[in-house]
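Student: Quick one: the structure is below, and I'll ask about it shortly.
Laboratory data are not the source of any read-out in this text; all were calculated from the coordinates shown. Values in this document were obtained by computation on a predicted structure and should not be read as measured data.
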Amino acid sequence: MEIIKAIYDNEGETLDRYIVILHDGYALYVYILPGSEEPIPFLDLSDDPDHPPGVCLYSRGIVEGEHLGKKITIDELPEKVRLHLIERLKKRENRTKD
């Protein structure tokens with residue numbers, strides 16, 4: 001998916017295990033974290049983003065790098081996470097077309 005710039009897996013260090021960096025202009029929200037000069041849009045996901053205590057958040061302002069974990073491909077995401085991600089990005093794309 002060309003909307004995705006990079007995917008990181010912190011291998012379970014935090015609840016929001018997966019960080020999906022999006023190409024600029026694709027974030028749903030334009031929130032800039034203090035200290036972020038060039039906010040980067042991203043999607044934050046847990047192992048089960050559809051579960052009530054799961055995580056699936058859009059934001060801006062992350063700094064890309066090794067501290068996010070291991071860089072992986074969309075095919076390396078667990079199926080549950082990959083399907084959620086694809087559906088979420090399709091919904092976002094459909095909203096921008098309306």
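Student: If the cut-off is a Cα-Cα distance under 24 Å, which lysines reach Lys91, setting aside same-chain residues fewer than 8 apart in sequence?
Tutor: Within reach: Lys5, Lys80.
Student: Let me ask something additional. How much length, in nm to one decimal, is gained on full extension between Glu66 and His23, taken as 0.36 nm per residue of separation minus their Cα-Cα distance?
Tutor: 13.7 nm
Student: Given the Cα-Cα distance of Leu57 and Ile86 and 0.36 nm per residue of separation, how much length would full extension add, in nm?
Tutor: Details: separation 29, 0.36 × 29 = 10.44 nm, distance 1.40 nm.
Working it through step by step, the gained length comes to 9.0 nm.
Student: Roughly speaking, what is the stretch gain from Asp47 to Lys5, that is 0.36 nm per residue apart minus the C-alpha to C-alpha distance, in nm to one decimal?
Tutor: The span from Asp47 to Lys5 would gain 13.1 nm if fully extended.
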